[in-house]
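A.B. asks: Provided herewith is a single structure, encoded as structure tokens, for subsequent inquiry.
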Amino acid sequence: MLELEGLTATYGAVRALDGVGMSVAEGSITAVLGANGAGKTTLLRTVGGLLGPTAGRVRFDGTDITGWPADRITRRGLVHVPENGGVITELTVEENLRLGALWRRDRADRAAALAEAFELFPRLAERRDKPAATLSGGERQMLAIGRGLMSRPKMLLLDEPSLGLAPLVTLRILRVIEELRARAGLTVLLVEQNARSALSVADHGHVLSLGRVVAAGAADALLADDQLRHAYLGF
Ligand code: ATP
């Protein structure tokens, strides 16, 4: 579904991504792991079109999307849910969700997507008319994912959905990600600092360090590799 080849991105003199190659199979959950500053967020921003790569290619669903602007990538079915969700706190829950499907022309389609989001996250349905500012951290993260789903993507790029959340809330979010894959065959690229919980739902993992992939493999194999865990995953 997603193929990265030699992907390189810089901020001025800082080379945040340095020749990253990766392949994400359709319907899989793939975790991108690594310490602070390893380049995980930069990877998602580059794939999602928020940052132009200085070298390398991004292929999504059979199309070379390298250098495409973010909105065009979204319309193609690859949706980026940024770190902290990017929820607009002044708007209500429903208004935030609707933002995710603004570009869709078909009204019935938008209504159906909204109903699905509320079905997936009943808590959001209960709070649909409340400003997003009143939501808890976990509810905001659900809102961010729900908004991403409003455009009915083929693939989600999720940046640290567990950031700042209690372990139980994190678990609920990860279960929803599993459910989305099971229900709709959604493909997910999941960036996490919390490697243990990410690998508990992921099929595969890639470990980044200083902008390079230093290890990759089946989630079980990464979990079983003590040396790797100690050196890069922090547990
Ligand atoms: P975190 O978990 O802290 O978000 P990360 O693995 O996502 O870490 P990135 O945020 O992608 O890492 O950062 C990779 C490198 O790029 C780091 O050295 C960081 O300092 C640098 N960097 C990130 N954003 C910028 C920016 N806007 N300007 C300059 N340097 C940046």
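A.B. asks: Among the candidates 13, 25, which residue alone is open to solvent by 50 Å² or more (accessible area, probe 1.4 Å) and near the ligand (Cβ under 10 Å from one of its atoms)? Give the derivation first.
C.D. replies: Numbers: 25 fails: near the ligand (Cβ under 10 Å from one of its atoms).
The unique qualifying residue is 13.
A.B. asks: What is the residue count in region 64-89 for residues that are of a type outside the set (A, V, I, L, M), out of contact with any helix residue (DSSP H, G or I) (no Cβ under 7 Å at 6 or more places or on another chain) and more than 16 Å from residue 160 (Cβ to Cβ)?
C.D. replies: Going residue by residue through region 64-89, those that are of a type outside the set (A, V, I, L, M) are 64, 66-69, 71-72, 74-77, 80, 82-86, 89.
If we keep only those that are out of contact with any helix residue (DSSP H, G or I) (no Cβ under 7 Å at 6 or more places or on another chain) as well, we get 64, 66-69, 71-72, 74-77, 82, 84.
Adding the requirement that they be more than 16 Å from residue 160 (Cβ to Cβ) leaves 64, 66-69, 71-72, 74-77.
Result for region 64-89: 11.
A.B. asks: Another question, then. Counting only residues that are surrounded by 18 or more Cβ atoms within 10 Å (Cβ to Cβ) and in a helix (DSSP H, G or I), which one in region 59-75 is farthest from the ligand (Cβ to nearest atom)?
C.D. replies: Of the residues in region 59-75, the ones surrounded by 18 or more Cβ atoms within 10 Å (Cβ to Cβ) are 60, 65-66, 68, 73-74.
Pick out the ones that are also in a helix (DSSP H, G or I) and you get 73-74.
On the way: 73: 18, 74: 20 Å.
Across region 59-75, the extreme among qualifying residues is 74.
A.B. asks: Looking at 54, 41, 46, which is the one that is within 11 Å of the ligand (Cβ to nearest atom), of a type in the set (Val, Ile, Thr), surrounded by fewer than 23 Cβ atoms within 10 Å (Cβ to Cβ) and on the phi < 0 side of the Ramachandran plot? Don't jump to the end; show me each part of the working.
C.D. replies: Working: 54 fails: within 11 Å of the ligand (Cβ to nearest atom); 46 fails: surrounded by fewer than 23 Cβ atoms within 10 Å (Cβ to Cβ).
Answer to the check: 41.
A.B. asks: Could you tell me which residue of region 150-166 is farthest from residue 81 (Cα to Cα), considering only residues that are aliphatic (A, V, I, L, M), open to solvent by 10 Å² or more (accessible area, probe 1.4 Å) and out of contact with any helix residue (DSSP H, G or I) (no Cβ under 6 Å at 6 or more places or on another chain)? Outline the logic, then answer.
C.D. replies: As a first pass, look at region 150-166 and keep what is aliphatic (A, V, I, L, M): 150, 155-158, 163, 165-166.
Restricting the remaining residues to those that are open to solvent by 10 Å² or more (accessible area, probe 1.4 Å) gives 163, 165-166.
If we keep only those that are out of contact with any helix residue (DSSP H, G or I) (no Cβ under 6 Å at 6 or more places or on another chain) too, we end up with 163, 166.
Numbers: 163: 13, 166: 20 Å.
Among those residues, the one meeting the criterion is 166.
A.B. asks: Have a look at 221, 198, 166, 215 and point out the one that is of a type in the set (Gly, Ala, Ser) and within 16 Å of the chain's Cα centre (by Cα). Don't jump to the end; show me each part of the working.
C.D. replies: Working: 221 fails: within 16 Å of the chain's Cα centre (by Cα); 166 fails: within 16 Å of the chain's Cα centre (by Cα); 215 fails: within 16 Å of the chain's Cα centre (by Cα).
Within the list 221, 198, 166, 215, the selection yields 198.
A.B. asks: Among the residues in region 120-139, are any under 14 Å from the mean Cα position of the chain (by Cα) and touching a residue at least 12 places away in the same chain (Cβ under 8 Å)? Steps first, please.
C.D. replies: Filtering region 120-139 down to residues under 14 Å from the mean Cα position of the chain (by Cα) leaves none.
Checked against the condition, which is being under 14 Å from the mean Cα position of the chain (by Cα) and touching a residue at least 12 places away in the same chain (Cβ under 8 Å), region 120-139 yields no hits at all.
A.B. asks: Here are the criteria: (1) buried (at least 19 other Cβ atoms within 10 Å of the Cβ); (2) within 19 Å of residue 5 (Cα to Cα); (3) within 16 Å of the ligand (Cβ to nearest atom). Tell me which single one residue 170 does not satisfy.
C.D. replies: (2)
A.B. asks: Could I ask something else about it? I need a count of the residues in region 209-235 that are touching a helix residue (DSSP H, G or I) at 6+ places or on another chain (Cβ under 6 Å), buried (at least 18 other Cβ atoms within 10 Å of the Cβ) and outside any helix (DSSP H, G or I).
C.D. replies: Residues in region 209-235 being touching a helix residue (DSSP H, G or I) at 6+ places or on another chain (Cβ under 6 Å), buried (at least 18 other Cβ atoms within 10 Å of the Cβ) and outside any helix (DSSP H, G or I): 1 in total.
A.B. asks: May I pose another question? When you check residue 32 against the structure, is it at pLDDT 95 or above and within 9 Å of the ligand (Cβ to nearest atom), yes or no? Before the answer, list the steps.
C.D. replies: Working: at pLDDT 95 or above: yes; within 9 Å of the ligand (Cβ to nearest atom): yes.
For residue 32, the condition - at pLDDT 95 or above and within 9 Å of the ligand (Cβ to nearest atom) - is met.
A.B. asks: Residues to consider are 100, 138, 85; find the one that is within 16 Å of the ligand (Cβ to nearest atom), under 27 Å from residue 178 (Cβ atoms) and surrounded by 18 or more Cβ atoms within 10 Å (Cβ to Cβ).
C.D. replies: On the way: 100 fails: within 16 Å of the ligand (Cβ to nearest atom); 138 fails: within 16 Å of the ligand (Cβ to nearest atom).
Matching residue, one of 100, 138, 85: 85.
A.B. asks: OK, next. Considering only region 176-200, how many residues are touching a residue at least 12 places away in the same chain (Cβ under 8 Å), in a helix (DSSP H, G or I) and away from the ligand (no atom under 16 Å from the Cβ)?
C.D. replies: 8
The values are calculated or read from the model by the stated rules, or taken from the named source; none is laboratory data. Note that this is a predicted model, so its numbers are computed, not measured. Every residue, glycine among them, receives a Cβ derived from its backbone with ideal geometry; neighbour counts consider all protein chains shown. Heads up: the accessible areas ignore ligands, DNA and RNA and are worked out on the full protein's heavy atoms, side chains in. Shrake-Rupley method; radii C 1.70, N 1.55, O 1.52, S 1.80 Å.
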